[in-house]
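Engineer: My structure is below; once you've seen it, I'll send some questions.
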Amino acid sequence: MEKEIFEVVLRKSAQDSKIKRIIEMKSESALPKGENFTSTILKITLKVVLGNGRIAIKSFIAKKGDAGFGEAAEHMGNDYALFATEVSVYTNILREMGYLMEEFGDTEGPLWCEFIHYSRADSTIILEDLKASGFNTVKRTEPQDLNHARLALRSFGRYHAMAKVLEERGLISKDGYKPYLFLYDEVYIRNFLYGSLQALIKGMRKAWGEEWTEYADKLSRVSFEDLSKRIKDSGNFDDNTFKCLNHGDGWNNNMMFKHDWEGKPIEMRFVDFQVPHYNSPCMDVTYYLYSSINPTVRHQNLKSLIELYHESLTSSLERFGYKGSKPTLEDINNGMERLVFFGTWFFTSTFACVLTERTDAMDLDLIFKTNGEEGYNLSVYCEDGVVETIGEDLKALVKLFEKR
């Protein structure tokens, strides 16, 4: 076939599948109550006429960066420019990652959804509807199993490697992002990490039984100043540490999976790129392991999961032509060990709020207004299964304080 004829064929094929006209349009909330705190997420469903005349149904996601969620969401949006940051990640970082994959023939697929449009006038991002392609989140109240954890950590390795290569090429600046809010911002450490543990202590005294009184007493003696110092110290890696741009909020609700006919996850996409930060990639790995997977899976498979992540990171760095020195497995293990305190504290103080079916586990406005002293629903710490889920890690947390 001649080049000119082939060009006509391809143009016609592309034109056939393009949207020519919208017949009907409707929008509805894409998420149930309690699943997103800082943005309005809408599913836009269109009845359209395609270029070949066929009528089809198309769907998209509209994410609005409004201030309609109250004082807390507005506070977070202003402090960290959440929406502007996410727009920048989609239009700059992820676009360049896509070019990088094309350059090196990476066929594993992207780790993000397609960005379609940004409307500055009404602060709206239009994105691909991943559900239309068979992707779904794992139910928040059912922590991820081993298969999901393996795919997620492989995906983190690929993402971090691409970010490092873009940094090496001068396309990512390590100084272009704010430090991680849960490690360095005392407002967020107090409101979320310290405040939620105070609520947990109250829940322990109320419903956990006498055998937990000793642990509640020991935790209640931890001052905010001591906690803040320990958390900040855990994230202060030296200049020789391998660092890269982190996703920053890579937990269950910000991951979507496609599964095969047996229910095994085969592809993954990250969503919500509002709080990227530059640090050791162990930050993303720690945050994920302690926020999203079944704690029993973490306890039993931590060593192999870290090894899997390291293999993904280093092989991806090699694949994408990274010229710098790669972290050894010992480097990654040391980084993970340094962050054990942060991860354990984060898990024990917040996981009950993640697992609950309740939609009123946290009142963010009240949390901010009272500096974390109010706003946590104590009922979530008294629900069936909470003791069994977080008890082992809570005992480990007390030992970490006693070791210092």
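Engineer: Ranked from highest to lowest mean number of other Cβ atoms within 10 Å per residue, what is the order of the peptides 118-130, 1-13, 18-30?
Structural biologist: In decreasing order of mean packing, 118-130, 1-13, 18-30 become 118-130, 18-30, 1-13.
Engineer: Would you calculate the separation in nanometres between label points at K174 and S13, each defined as 7 Å from the Cα along the Cα-to-beta-carbon direction?
Structural biologist: 4.5
Engineer: For Y99 and K218, compute 0.36 nm times the residue count separating them, minus their Cα-Cα distance, and round to one decimal in nm.
Structural biologist: So the chain would gain 37.6 nm between Y99 and K218.
Engineer: Shifting gears a bit: In whole Hz, what ³J(HN,Hα) sequence does the range 379-389 give by Karplus (6.51, -1.76, 1.60; θ = phi - 60°), x for Gly and Pro?
Structural biologist: 4, 5, 7, 10, 6, 4, x, 5, 4, 5, 6
Engineer: Kindly rank 310-316, 221-227 from highest to lowest mean number of other beta carbons found within 10 Å of each residue.
Structural biologist: 310-316, 221-227
Engineer: Now a separate question. Given +1 on the Cβ of Lys and Arg, -1 on the Cβ of Asp and Glu, and no further charges, what dipole in debye does the chain carry about its Cα centre, rounded to the nearest 20?
Structural biologist: In debye, rounded to 20, the chain gives about 800.
Engineer: Please compute the modelled spin-label separation between S325 and I116, points set 7 Å along Cα→Cβ, answer in nm with one decimal.
Structural biologist: Once both label points are built, they end up 4.7 nm from each other.
Engineer: At a threshold of 8 angstrom on Cα-Cα distance, excluding pairs fewer than six apart, so keeping six or more, what relative contact order does the range 137-403 reach in percent?
Structural biologist: 31
Engineer: Each residue of the range 192-199 in turn: what ³J(HN,Hα) in whole Hz from Karplus with 6.51, -1.76, 1.60 and θ = phi - 60°, glycine and Pro shown as x?
Structural biologist: The phi angles translate into 9, 6, 7, x, 5, 6, 4, 5 Hz.
Engineer: Picking from P276, G263, N236, whose Cα lies most toward the positive end of the charge dipole for the range 221-286 (charges on Cβ: Lys, Arg +1; Asp, Glu -1)?
Structural biologist: N236
Engineer: Next question. Using +1 at the Cβ of each Lys and Arg and -1 at the Cβ of each Asp and Glu in the range 149-232, identify which of L227, I189, Y159 lies farthest towards the dipole's positive end.
Structural biologist: Y159
Engineer: Let me ask something additional. Per residue of the range 357-365, in order, report the coupling 6.51 cos²θ - 1.76 cosθ + 1.60 (Karplus, θ = phi - 60°) as ³J(HN,Hα) in whole Hz, putting x for Gly and Pro.
Structural biologist: Per residue, the Karplus-derived 3J(HN,Hα) values read 7, 5, 9, 10, 5, 9, 10, 4, 4 Hz.
Engineer: In nm, to one decimal, how far is the D365 label point from the K64 one, both placed 7 Å along Cα→Cβ?
Structural biologist: 1.7
Engineer: Can I ask one more? Could you point to the residue in S173, A361, W251 farthest towards the positive end of the range 137-403's charge dipole, with +1 and -1 charges on the Cβ of Lys/Arg and Asp/Glu respectively?
Structural biologist: Going by the charge dipole, the pick is S173.
Engineer: Still on this structure, I have one more. Given contacts defined as C-alpha pairs under 8 Å and at least six residues apart, what's the relative contact order of the range 38-127, whole-number percent?
Structural biologist: Relative contact order, the range 38-127: 29 percent.
Engineer: Next question, about the same structure. Determine the dipole magnitude for the range 329-404: charges of +1 sit on the beta-carbon of Lys and Arg, -1 on that of Asp and Glu, nothing else is charged, the reference point is the Cα centre, and the result goes in debye to the nearest 20.
Structural biologist: 360
Engineer: Run the numbers for E210 and L146: contour at 0.36 nm per residue of separation, minus the present Cα-Cα distance, in nm.
Structural biologist: The E210-L146 span can extend by a further 19.6 nm.
Engineer: Note down the magnitude of the dipole of the range 79-204 about its Cα centre, charges +1 on Lys and Arg C-beta and -1 on Asp and Glu C-beta and zero elsewhere, to the nearest 20 debye.
Structural biologist: Result for the range 79-204 is approximately 480 debye, rounded to the nearest 20.
No value in this document is a laboratory result; all are computed from the given coordinates. Note that the structure is a prediction, hence the values are computed from the model and not measured. Note that each Cβ is placed from the backbone with ideal geometry, even for glycine, and that neighbours are counted across all protein chains shown.
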